[in-house]
Each structure stands twice: as structure tokens, then as C-alpha cells.
Amino acid sequence: MLLIEADGKALFRAYGIPVPTGDEARAPATDGPWMVKAQVPVGGRGKAGGIRRCLTPQGAEAAAAAMKGARLKGHTVHSVLIEQAATGAERYLSLSVDPASYGVRVIYLAGGGMDVERAAEQGGAGVTCAPDRAAIADALSGLLTGDADRDALMAIGRKLADLLLEKELMLAEINPLFVGPDGAVAGDAKVVVDLNAVDLDRQPDIRAMIEARPGIYPDAIRKLQEGFDYVGLDPEGEIGLLTTGAGLSMMLIDELTARGGKPLNFLDIRTGQLRGSPQRIINALTWMAERPSLRVVLVNIFAGITDLGEFAGLLADALDATPQMKAPVVARLVGRGAGKAKEILAQRAPGMLVTEDLEESLGRVATIIGRPA
Amino acid sequence: MIGSLSRTTPVIVQGITGRMGRAHANLMRAYGTNIVGGTSTRATPEGVDGMPVFTSCAEAVAATGAVASVVMAPPDGTRVAVEEAISAGIKLVVTPAEGVPVHDAMAMGRAVKAAGAIWVGASNPGLAVPGEMKMGFLPDVTLAPGPVAIMSKSGTLSYEVGYRLVRAGLGQSIWIGVGGDAVKGVRFADLLAPFNADARTHAIALIGEVGGAEEEEFAAVLAATKGSKPVYALIAGREAKEGVAMGHAGALTYGGAGTLAIKTERLEAAGARVFASIESMIQAMTADLAAHRRSS
């Protein structure tokens, strides 16, 4: 999961990587100019209008106030970072897990900036090495051969390596990395954390960082606290999805959207982990019901191992426990125990369409929302 | 190894006395897999359901000649289990666990590679040679012998595809769930050559997801392969939210990398057909593979 810049920079600071003086509430009492940066966990903020340069503290704070609460690339801006603008030559430095070689990819580019980032992403630039401190330092040393700022950059690189390895990160990127007379300063921080390591309580600092920002990381917090994935998509979405399996749930969202539907959420409830309790289903239905735009709930379970008879009972229990969820439910249940599930739901939730055919269930959803979906 | 799996391949289950380990050992055996035993930290001299239980992989391998293993361990126990398996001489290890940390997966990948073994997983439902054997928990209802080799990041989306292939009178020659993690064992690109070499395979279904670069790597290998069997691809996540892992740790896009647009472009340029819906892919395969439909 991608951290917002302010959190990435907090990790940088903890590892001794210099970052500009900044504050999320007001313009820091430094010399100008100031950079005003929307804190949303997406790339390409500059081109989307989420980064502004201001010449006065008043101007910076006004720009921050204007950004706050606005939507940027699908995210609401909950926080804005105001920093003293760094100066110097712009460089690019990143360390990332390289899945194909089971190593670390080290990328250094003597030019920084947004377009360099794009080139690095697409070109597989840099070199790969074993995931240990010495190998990363060697690799970076090779890339910096002949560079005038070699010592300053090596110092930053070693700290970035410690951060990546100790915090079990997937990516630690500095773009731009400013190199000036006073040394190197990280102008931005793009840090991708491994939620699996966090979930196993191996990274308590990162867990605390995530849990401190419920507005920015709602999906990660739900995953850590509930043990399953519910990702809010369109806040005006009409179709709540009660689904299991990440790939099939994503595909369903794609297909519904292509047909003009507006899915409210992604869900991988993991039916194999329900263990006889309707609690996860109750939670998911509760979150859906909080959205006034909800018009229908589509259940799609392909049961390989799960017994659908048992699932149907839990679904009925969950619907009984969430009377505030008033939208009609369409259930596509296929696999083990589908016949039994149909019987149970006919009795406990009369009127619910229960089918084994995905296309039929999508047709009913379209009828309910009154247009093709 | 992957191309020679059959009902005679001796397989053990690591963690066979656990609730899930025992249940799945029995389900695999019922499907036809030659489960020759398992391991457990609990001494179980009486065995479990007629299968011998050993306290280490080394003992299990020595006693049974096992060459393959299914690891039924929690995510934080997966690394130790895999390292134990390969040092005991296991050549193929399947790890269905979800939630294995990325840096553990890197260490596992390096160890497996150094040993010359094959690792399939994690966060996957396993693999199958329909009609012969399965390792993991691909649902029986989705399996039938047939002409399509499946490689998939997603369990459930591949079930949907497998099930519809079976209903269309088709089936699978081999099915490998590579899993939804960012760092994993076998990757899509590793499977093109064995699938092309497999005489039972007449078409390849690639079921991908946004995030990472596996589809792009596969496309590069496909482009460099002369006379490959036809590739049909389905990629989930067009509407995925940037910066957030969509259920699978590997299904994470940020800053324009790993998007559906890039994957589609690369695959199509390499000669694969990429479909926007499950049904359209099944229809195309059904039409193209009419000669290979089961007569029953």
C-alpha cells in the first residue's frame, strides 16, 4: 500500500534522510517559497493540480485551504503538507523489491522530475542486486561512478537501504532528490509498505502510522482490523458487492462499470474464514447501508470448498441483523450446496432472486437500477 | 517437473494434522492425488486417516520418496516450511497461504532457485492436472480434462473460467494458480514454454490482474516465441483504485505502472487476444476449440 508523502517523509526522517521543513497545519516559519502538496496516496499529483508553489505564507495557507476537502484522482484531500521549497539539482533515487529476481532494484538517474519517473517505471531502468545492505551499496556505488555528488548520494542510499530492509518496504523512492551546497534533501517520498508484514505485527510503527489516519487509509485499516478486504470505490455508487475472491470481485466491478453500473465497493470477504459467524457479512452490509446512494446488493459466491447452505444461513442472519440495509438483494450462488442455499433463502428471504447464472443476476441488477448494468 | 505431474507423483502435505491440512489432504486424495503422507510438529505415530505422519520433511521424503509438497501453514510459518521442504529434496512446493510477507517471499524465492526446485504460490488455490491429480483446493466442479492450459493470478476468477469451460464441453490440460502476491514462486512467463511443450494443450488461458509486471514479462516471452499456441487473456482490475491493493497484495497500481492499458497493449502486440469480459473469452475459446470438445 502506498503511503502519503507526509508519512513516507516521517520514515525518511526516522532514518536520517533529510527532508524539507514542513507542517500539515500551517506554513512553516522558514524562508520562502513554499510548496503546498495535497496528501493523497496516488502518483502524478503535480499534473492533477495537487501541488502548488507559493511565494508568501498567507498564499500557501490559502492554497492549502482550497485543496482541503477537494477530490484529487479519486481521493478526498484530508491533509495538505506545506514545506519550504528545496533547491538544488534534481536527481532520482529509488530502491524497490524486484519480483522477478527476488532482489532489490536500484535506480539512480541524474535528472529528476515527473517524466523521469515515468521513464523509470516503463523501462525497468537501474540494476538489481541481492536484498542486503552490502549488495545495495555496491550496486548504487556502481551507478554513481564519476558522479560529483557521490558521497552525499551514497550516504542517502545506505539509509534508504536500511529503511527498505528493516521496514520490509516494497518501494522507497525519492523523486526529486535535491542536491545542493548543503547536501541532499528528499523533495518527495513515495513509500509502498507490505500490509502482510504489518498484519503479522512485524511493523508496529507502520501500523500506528496507518491507524492514525482513518480518513486517508480507511481500506487498510479495515483490512488490518477485520481480516478481509473491503475497498470503498464510488461514494455515489449504487451497487453494493458481497463477493469473495479478489480477481472475480475486480472482474465483476469491471463488467458492471462497462455496462453503465456504478459499483459502491470491492469486497473479498473470504467465505472460507467465516467459521460459522455472520459478523463479516454484517459489517459489509452495514458499510454499504451507510451510503444513501445504495440501490441493490449483488451477492456473488463461487463456492469450491465453502458450503453454500451454511453461507445462505449466515447471509439470512446478517440481513436480519441489519434492518437499516433496505436495498433488495440479488444472489448468484454457484458450487457446493447451491440447491440447499436456494431452499434456505426462499424460506428466510422470500423475494430474493437466487440463481446459479451470473448473467441472470446481472440482468436483475439492471432491472432494479432501471438501466442496463 | 510441472509437465510430468500425474496420479503417480508422490505428494506430502506439510501441516497434515491441522484442521485445514487434514481436510484438504483427504479432498486431494479423493480427487486422485497420490498423497503418501504428511508432516506435523505433533508426533502422530498412528497417522491420520490412513496417511503416515512424520515430524520432518526429511523423514517423510526418506520414507515415502515424495517429490512434491503442499504446505498448509499460516503466512508467518510458510518460509520455514518451504525451506525445510527444499532442503529435504522436495522438487515442487505449493503454498496456498494468503498473507505471506514480501520479504519472506524474496528469501523463499532465492532458496528455491538455489536448490533448483519449483515453488507455486503464495495466495493461490494450487494446481491441477485434471483427471490425474491436484495440489491445493481447485474445486472439483471446475475441473475436467481438456485442451486449455490455465495460468491465473486469481483463484475465484479462474474457477469461473474453468467452470464455464467445463460447461461448454471443454476442459483443462493443466492449471497453475500462480497466486495474487507481488513476489511469488512460478510466474506467468515461466509457464509459456512448458505449456507449449505439453501435447495435451491446444490453447493457453492467461488470467491476470492489474499491478506488477507479470503480464508484460509474459508478453515479452510470447513475442520472442515462434509458433506459440494461441493465448487468450483476461485481466481484472480496469476499475481498480490506485494506491490500494485490491484484495491481492500484488494487485496494486500507482503512478501509471501495472495498469490494464499497458498490459493489454503489450499482450496484444505479442499476439495474444485480450478480452473485456469472462463470457466473451469463453465464447471465443468455445468457437476456436470446437474440434476439442468432449463428445459426452
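Would you mention how many residues in segment A:229-242 are more than 9 Å from chain B (Cβ to nearest Cβ) and under 12 Å from the mean Cα position of the chain (by Cα)? Going through segment A:229-242 one residue at a time, the tally reaches 1.
When the helices (runs of 4 or more DSSP H) confined to segment A:105-167 are screened for residues that are modelled with pLDDT under 95 and under 27 Å from the mean Cα position of the chain (by Cα), those reaching at least 3 such residues are found at A:114-123.
Can you tell me which residue is nearest to the other protein chains (Cβ to nearest Cβ) among those in segment A:256-277 that are in a loop (DSSP other than H, G, I, E, B) and within 22 Å of the chain's Cα centre (by Cα)? The selected residue is A:ARG270. Only residues that are in contact (Cβ under 8 Å) with a residue 40 or more places away in the chain, surrounded by fewer than 14 Cβ atoms within 10 Å (Cβ to Cβ) and among the hydrophobic types (A, V, I, L, M, F, W, C) were counted across segment B:259-296, and they come to 1. With respect to the conditions (1) assigned to a strand (DSSP E or B); (2) under 20 Å from B:SER6 (Cα atoms); (3) facing another protein chain (nearest Cβ under 10 Å), B:VAL141 lacks only one, and its number is (1). On inspection, A:ARG336 fails the criterion of being within 25 Å of B:VAL141 (Cβ to Cβ), within 14 Å of chain B (Cβ to nearest Cβ) and at pLDDT 95 or above.
Within segment B:183-203, the set of residues being in contact with a helix residue (DSSP H, G or I) (Cβ under 6 Å, 6 or more places away or on another chain) and within 14 Å of another protein chain (Cβ to nearest Cβ) comprises B:VAL183, B:ARG187, B:PHE188, B:ALA189.
Test A:SER94 against the criterion of being at pLDDT 90 or above, under 30 Å from B:VAL112 (Cα atoms) and either crowded, with 19+ Cβ neighbours inside 10 Å or of a type in the set (Asp, Glu) (or both), and give yes or no. Answer is yes for this residue.
Please verify whether B:ALA236 is within 22 Å of the chain's Cα centre (by Cα) and within 10 Å of chain A (Cβ to nearest Cβ), treating the condition exactly as stated. Walk me through how you get there before you give the answer.
Details: within 22 Å of the chain's Cα centre (by Cα): yes; within 10 Å of chain A (Cβ to nearest Cβ): yes.
So B:ALA236 passes the test.
Do you know which of the residues in segment A:77-101 that are in contact with a Ser or Thr (Cβ under 9 Å, 6 or more places away or on another chain) and free of Cβ contacts under 8 Å to residues at least 40 places away in the same chain is nearest to A:GLU166 (Cα to Cα)? The selected residue is A:ASP98. Among the candidates A:ARG336, A:ARG270, A:ARG280, the residue that is surrounded by 20 or more Cβ atoms within 10 Å (Cβ to Cβ), among the charged types (D, E, K, R) and within 22 Å of B:TYR163 (Cα to Cα) is uniquely A:ARG336. State which residue is modelled with the lowest pLDDT when the search covers only segment B:1-19 and only residues that are surrounded by fewer than 17 Cβ atoms within 10 Å (Cβ to Cβ) and assigned to a helix (DSSP H, G or I). Checking each candidate, the answer is B:GLY3. For A:SER96, the criteria (1) away from chain B (no Cβ under 11 Å); (2) in a strand (DSSP E or B) hold in every case but one, which is (1). B:SER158 fulfils the conditions (1) polar (S, T, N, Q); (2) under 29 Å from B:GLY89 (Cα atoms); (3) touching a strand residue (DSSP E or B) at 6+ places or on another chain (Cβ under 8 Å) except for a single criterion, (2).
Check A:ALA135, A:ALA161, A:ALA172 and return the single one that is closer than 21 Å to A:GLY103 by Cβ, within 14 Å of chain B (Cβ to nearest Cβ) and touching a Lys or Arg at 6+ places or on another chain (Cβ under 6 Å). Give the derivation first.
Numbers: A:ALA135 fails: touching a Lys or Arg at 6+ places or on another chain (Cβ under 6 Å); A:ALA172 fails: touching a Lys or Arg at 6+ places or on another chain (Cβ under 6 Å).
After ruling out the rest, the residue left standing is A:ALA161.
Which residues, counting only those in segment B:255-277, are in a helix (DSSP H, G or I) and at pLDDT below 95? Let's see the steps before the verdict.
Applying the first criterion (in a helix (DSSP H, G or I)) to segment B:255-277 yields B:260-269.
Correct list: B:LEU260, B:ALA261, B:ILE262.
When segment A:43-91 is filtered for residues that are among the polar types (S, T, N, Q) and in contact with an Asp or Glu (Cβ under 6 Å, 6 or more places away or on another chain), only A:SER79 remains. Among the numbered criteria (1) touching a Ser or Thr at 6+ places or on another chain (Cβ under 6 Å); (2) facing another protein chain (nearest Cβ under 9 Å); (3) hydrophobic (A, V, I, L, M, F, W, C), which single criterion is violated by A:MET250? Only one criterion is unmet by A:MET250, namely (1). Residues of segment A:307-333 being within 14 Å of chain B (Cβ to nearest Cβ) and either in contact with a Pro (Cβ under 7 Å, 6 or more places away or on another chain) or assigned to a strand (DSSP E or B) (or both), which ones? A:ARG332, A:LEU333, listed by residue number. Taken together, the residues in segment A:193-228 that are among the basic types (Lys, Arg) and facing chain B (nearest Cβ under 9 Å) amount to 2.
Considering each residue of segment A:44-53 in turn, at least one proves to be free of Cβ contacts under 8 Å to residues at least 24 places away in the same chain and within 26 Å of A:ASP219 (Cβ to Cβ). Scanning segment A:285-306 for residues that are part of a loop (DSSP other than H, G, I, E, B), of a type outside the set (Lys, Arg) and either in contact with a helix residue (DSSP H, G or I) (Cβ under 8 Å, 6 or more places away or on another chain) or surrounded by 24 or more Cβ atoms within 10 Å (Cβ to Cβ) (or both) returns A:LEU294, A:GLY304, A:ILE305, A:THR306.
This table checks each residue for (1) more than 14 Å from every other protein chain (Cβ to nearest Cβ); (2) in contact with a Pro (Cβ under 7 Å, 6 or more places away or on another chain); (3) at pLDDT below 95; (4) surrounded by fewer than 24 Cβ atoms within 10 Å (Cβ to Cβ).
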{"residue": "B:GLY47", "(1), (2), (3), (4)": "yes, no, no, yes"}
{"residue": "B:MET51", "(1), (2), (3), (4)": "yes, no, no, yes"}
{"residue": "B:ALA58", "(1), (2), (3), (4)": "yes, no, no, yes"}
{"residue": "B:GLY65", "(1), (2), (3), (4)": "yes, yes, no, yes"}
{"residue": "B:THR78", "(1), (2), (3), (4)": "no, no, no, no"}
{"residue": "B:GLU83", "(1), (2), (3), (4)": "no, no, no, yes"}
{"residue": "B:ALA88", "(1), (2), (3), (4)": "yes, no, no, yes"}
{"residue": "B:VAL93", "(1), (2), (3), (4)": "yes, no, no, no"}
{"residue": "B:PRO96", "(1), (2), (3), (4)": "no, yes, yes, no"}
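Taking (1) of a type outside the set (Phe, Trp, Tyr); (2) surrounded by 23 or more Cβ atoms within 10 Å (Cβ to Cβ); (3) touching a helix residue (DSSP H, G or I) at 6+ places or on another chain (Cβ under 6 Å); (4) in the same structural domain as A:LEU109 (by TED's automatic domain parsing) in turn, A:VAL198 satisfies each apart from (4).
For segment B:216-228, indicate whether the set of residues that are assigned by TED's automatic domain parsing to the domain that holds B:VAL148 and either under 22 Å from B:GLU160 (Cα atoms) or in contact with a Cys (Cβ under 6 Å, 6 or more places away or on another chain) (or both) is non-empty. Looking for residues that are assigned by TED's automatic domain parsing to the domain that holds B:VAL148 and either under 22 Å from B:GLU160 (Cα atoms) or in contact with a Cys (Cβ under 6 Å, 6 or more places away or on another chain) (or both), one finds none in segment B:216-228, hence no.
So if I check each of A:ILE253, A:ILE206, which one is within 25 Å of B:ALA276 (Cβ to Cβ), touching a residue at least 12 places away in the same chain (Cβ under 8 Å) and part of a helix (DSSP H, G or I)?
That would be A:ILE253, the only listed residue that is within 25 Å of B:ALA276 (Cβ to Cβ), touching a residue at least 12 places away in the same chain (Cβ under 8 Å) and part of a helix (DSSP H, G or I).
Restricting attention to segment B:224-254, the residues that are at pLDDT below 95 and basic (Lys, Arg) total 2.
The values are calculated or read from the model by the stated rules, or taken from the named source; none is laboratory data. These figures come from a predicted structure and were not determined experimentally. When we count neighbours, we look across all protein chains shown, and the Cβ atoms used for this are built from the backbone with ideal geometry, even at glycine.
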